[in-house]
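The values are calculated or read from the model by the stated rules, or taken from the named source; none is laboratory data. Quick caveat, the model's predicted, so the values are computed rather than measured. Note that each Cβ is placed from the backbone with ideal geometry, even for glycine, and that neighbours are counted across all protein chains shown. What goes into the accessible areas is simple: the full protein's heavy atoms, side chains included, and nothing from ligands, DNA or RNA. Shrake-Rupley method; radii C 1.70, N 1.55, O 1.52, S 1.80 Å.
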Amino acid sequence: MLANHLQSGIETARLVWSRIPNSDESQLLDDAVGLIKKNDGGGVESLDYEVIENFAYREEQAQRGKLYVSYLLVVKWFFALLIGICTGLAAVFINIAVENFAGWKFSATFDIIQKSYIAGFFVYVLFNLALVYSSVYIVTQFAPAAAGSGIPEIKGYLNGVDTHGILLFRTLVGKIFGSIGSVGGGLALGKEGPLVHTGACIASLLGQGGSTKYHINSRWLQVFRSDRDRRDLVTCGCAAGVAAAFRAPVGGVLFALEEVTSWWRSQLMWRVFFTSAVVAVVVRAAMGWCKSGKCGHFGSGGFIIWDISDGQEDYSFAELFPMAVIGVIGGLLGALFNQLTLYITTWRRNHLHMKGNRVKIIEACLVSILTSAISFGLPLLRKCTPCPESDPASGIECPRPPGMYGNYVNFYCSKDNEYNDLATIFFNTQDDAIRNLFSAKTINEYSSQSLLTFLVMFYALAVVTFGTAVPAGQFVPGIMIGSTYGRLVGMFVVKYYRKLNIEEGTYALLGAASFLGGSMRMTVSLCVIMVEISNNLKFLPLIMLVLLISKAVGDAFNEGIYEEQAQLRGIPLLESRPKYEMRNMTAKEACGSGRVVSFPRVVKVSDVVSILRSNKHNGFPVIDHTRSGEPLVIGLVLRSHLLVILQSKVDFQHSPLPSDSRGGARSIRHDSGEFAKPVSSKGICIDDIHLSSDDLEMYIDLAPFLNPSPYIVPEDMSLTKVYNLFRQLGLRHLFVVPRPSRVLGLITRKDLLIEDNKNVNTLELQSTSVRIGHQYKRLTTRNTDVERPLLNGLLQNQIPD
């Protein structure tokens, strides 16, 4: 009978193995660390955050009144409400699933180990392996962009770079269910980073009205089609994700402000804050409903994740030195973590993951087995400790039976009044382990040997697990690592300072903050998040101290983990400040000496097709000529707009002459929505457009479709100023032109202060150096030589797109 069961197990294993995809059997999907296939311009593409003020846009704006503007404002707040509700519900679903899977796993394991620890070990390993396998299978076969935390990709999106596939519906599904499998499977990773990505996906999908591919869409939601509006929604989604992950609404707002966005507006601040508040209400309401036992293990911990409000009441000046030491340790270990994960991820990318999806699945399963073996096996090697004298006022019970939440877990102990300190933090869910490490009034609960063993092993597991083909966050592993060495320092302080009011849990909290600061290099948002999750405002100055120290130490060695991972994925982030070398460079030197690819105002269709096929530029200058024959740059036309024009064919003309001398006076056949690129997709490709030989002989007048007022800089402007202008305005293209020869006037602050009681359509901005009458005369002459003075002359080059 045993032989039959064994043979059946072998056949099942063979069947599962045969279903694992191989690189020879199926097309290689995107790399698990976020490397997306290159197609028509590469795996990443810049976003058009600049308003394209072509004729279609101007005509649309002229038709809109104040009522429509008010309607758009109401819709934006409605979308903020929807994002908060949906992200909160997604977070509740993930938490319920993870907590219940973990609860069932530990309950089954502890029931079996009462009879046999070997059988319990196999059940524990197989349970984790099944969950991790489901996660990695979903990612490799359904949603490759769901691997990792997703924060580097979202940070790149809000910085102006779109990585194809990161905001699709399948990515959202893969992120949710993949996180459940990877976190529930006990890997050394968290669900907080994926929740940020989940919130961004929800916001993006709501902004585009759903998913057309999977027939889950609504025209009523298709209001915002520009990249600028989608950027605002994704920002709300990022803040909602953090607020849902840590139940820290203010921390979510500050995280979006400090970590992921490259710009900020006060109007957006209110909507982001509102979204985070909605998330907090949804999560709290769900937890209140779950407290009755309807959600299994979820909801019993309270809204505050790791409440230590009953911890250390005060601290002395002498404690600041060991707290500063914690900051230094956090900076060193955080920088080392970033460097090790960078090396291992690079090796995975260049050697391991190139071999196909089967290798990715095998790797994740091996990591799962290794993690399960260590978390189950190491507590077996640890001797149990007698329970301390119980204090009824503390409400802490010793020992607690296996599978129960709390401290002093009885695991592989010969006596009933003993507990296993290593099992209390190792053979447990990460949230419960952190709660145990943060706990107050539990002095001497852990031995230094157990904490040191856990620190070394979990640190190694976190480094190895990072970069596998599963959704993975770094917040919770960072808190686990930091709280462990923080508690070690706390034990030293308790022993040598001999003060009764010192709590080891206080130092565990500071250690968690220091490691996150040393690895992620966040300060303000992380400080607020740590205060919100601990519910103890008294620790605010101490958290600020260790964060400042850990960030300063970490910055001395390398960049933050998100910046390094973005660089590894090929995401060209523009950091907050330019490089020092840019001070001695000019705009002309940066754009090089290559020839600018441009179009004439009226261009032959065959020439457009030839240029689009021969290069990958996304923006092209449009050149016209004055009556005297001098070239004049009249604007910028985007590649995506040209593709729409070629596909529709309605703007083709037989004549090589302009449709009218002023351009755009004719009735345009497109609205601005037709030129909007679908969210996080490649849009139209030149190879998808089929033109006949007659079509190729026709012409297009580009004047109605170009942006007549692109941003420009003189050729001798310092590259530092160019960098700041480019980043702060969220540009995609920037023209470099020769030094202009004339000035129409100067605009100062008072010229931009338009009073409400004046008619905006008839208001003229007065120049501070040109008389009103003379200015009006020059503006009404319609002299094309002075209509665009800064664009007059030959264009030198483009800032690359």
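Okay, here's what the table says:
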quantity	calculated
Residues being of a type in the set (Ser, Thr, Tyr) and within 21 Å of Asp162 (Cβ to Cβ) - total across segment 723-751	1
Residue among Ser483, Ser525, Ser519 that alone is within 25 Å of Gly377 (Cβ to Cβ) and either within 28 Å of the chain's Cα centre (by Cα) or assigned by the TED database to the domain that holds Val328 (or both)	Ser483
Selection from segment 631-656 of residues that are within 16 Å of Ile689 (Cβ to Cβ) and exposed (fewer than 14 other Cβ atoms within 10 Å of the Cβ)	Ser648, Val650
Filtered residues of segment 181-191 (kept if assigned to a helix (DSSP H, G or I) and open to solvent by less than 10 Å² (accessible area, probe 1.4 Å))	Gly181, Ser182, Gly184
Hits in segment 192-212 (condition: polar (S, T, N, Q) and in a helix (DSSP H, G or I))	Thr198, Ser204
Single match in Ala587, Ala556 (criterion: more than 30 Å from Arg732 (Cα to Cα) and among the hydrophobic types (A, V, I, L, M, F, W, C))	Ala556
From the options Ile176, Ile96, residue that is touching a residue at least 60 places away in the same chain (Cβ under 8 Å), crowded, with 22+ Cβ neighbours inside 10 Å and not in a loop (DSSP other than H, G, I, E, B)	Ile176
Residue match in segment 627-640 (condition: within 27 Å of Gly730 (Cβ to Cβ), in contact with a Phe, Trp or Tyr (Cβ under 9 Å, 6 or more places away or on another chain), touching a residue at least 24 places away in the same chain (Cβ under 8 Å) and not in a strand (DSSP E or B))	yes
Residue within segment 375-389 that is on the phi < 0 side of the Ramachandran plot, modelled with pLDDT under 80 and in the same structural domain as Leu333 (by the TED database) present	yes
Residue match in segment 137-146 (condition: outside any helix (DSSP H, G or I), under 25 Å from the mean Cα position of the chain (by Cα) and more than 19 Å from Gln474 (Cα to Cα))	yes
Residue ranges of helices (runs of 4 or more DSSP H) in segment 466-573 with at least 1 members more than 22 Å from Asp307 (Cα to Cα)	475-497, 504-520, 540-555, 561-568
Condition met for Phe321 (part of a helix (DSSP H, G or I), open to solvent by less than 40 Å² (accessible area, probe 1.4 Å) and aromatic (Phe, Trp, Tyr))	no
Matching option when the condition is crowded, with 24+ Cβ neighbours inside 10 Å, assigned by the TED database to the domain that holds Ile374 and either out of contact with any helix residue (DSSP H, G or I) (no Cβ under 6 Å at 6 or more places or on another chain) or among the polar types (S, T, N, Q) (or both), among Thr442, Thr453, Thr506, Thr429	Thr506
Positions within segment 110-164 being over 28 Å from Ile374 (Cβ atoms), among the small types (Gly, Ala, Ser) and surrounded by fewer than 22 Cβ atoms within 10 Å (Cβ to Cβ), in sequence order	none
Matching entry among Ser107, Ser70 (being under 20 Å from Arg225 (Cα atoms) and among the polar types (S, T, N, Q))	Ser70
Odd one out for Val272 among (1) open to solvent by 10 Å² or more (accessible area, probe 1.4 Å); (2) modelled with pLDDT of 90 or more	(1)
Members of segment 526-535 found to be buried (at least 23 other Cβ atoms within 10 Å of the Cβ) and either farther than 20 Å from Gly334 by Cα or modelled with pLDDT under 90 (or both), listed by number	Ile533, Ser534
Identity of the residue in segment 76-108, of a type in the set (S, T, N, Q) and more than 18 Å from Val272 (Cβ to Cβ), that ends up farthest from the chain's Cα centre (by Cα)	Ser107
Given (1) under 25 Å from the mean Cα position of the chain (by Cα); (2) closer than 22 Å to Tyr124 by Cα; (3) surrounded by fewer than 24 Cβ atoms within 10 Å (Cβ to Cβ), number of the condition Val463 does not satisfy	(2)
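A quick yes/no check of all residues on (1) open to solvent by 10 Å² or more (accessible area, probe 1.4 Å); (2) of a type in the set (Lys, Arg); (3) touching a Cys at 6+ places or on another chain (Cβ under 6 Å); (4) without any contact (Cβ under 8 Å) to a residue 12 or more places away in the chain:
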{"site": "Asn338", "(1), (2), (3), (4)": "no, no, no, no"}
{"site": "Ile344", "(1), (2), (3), (4)": "yes, no, no, no"}
{"site": "Arg349", "(1), (2), (3), (4)": "yes, yes, no, no"}
{"site": "Gly356", "(1), (2), (3), (4)": "no, no, no, no"}
{"site": "Lys360", "(1), (2), (3), (4)": "no, yes, no, no"}
{"site": "Glu363", "(1), (2), (3), (4)": "yes, no, no, no"}
{"site": "Leu366", "(1), (2), (3), (4)": "yes, no, no, yes"}
{"site": "Ile369", "(1), (2), (3), (4)": "yes, no, no, no"}
{"site": "Ala373", "(1), (2), (3), (4)": "yes, no, no, no"}
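Residues are listed down the side, and each one gets a yes or a no for (1) open to solvent by less than 50 Å² (accessible area, probe 1.4 Å); (2) not small (Gly, Ala, Ser):
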residue: Val524; (1), (2): no, yes
residue: Glu559; (1), (2): no, yes
residue: Glu564; (1), (2): yes, yes
residue: Ile571; (1), (2): yes, yes
residue: Ser598; (1), (2): yes, no
residue: Val622; (1), (2): yes, yes
residue: Gly629; (1), (2): yes, no
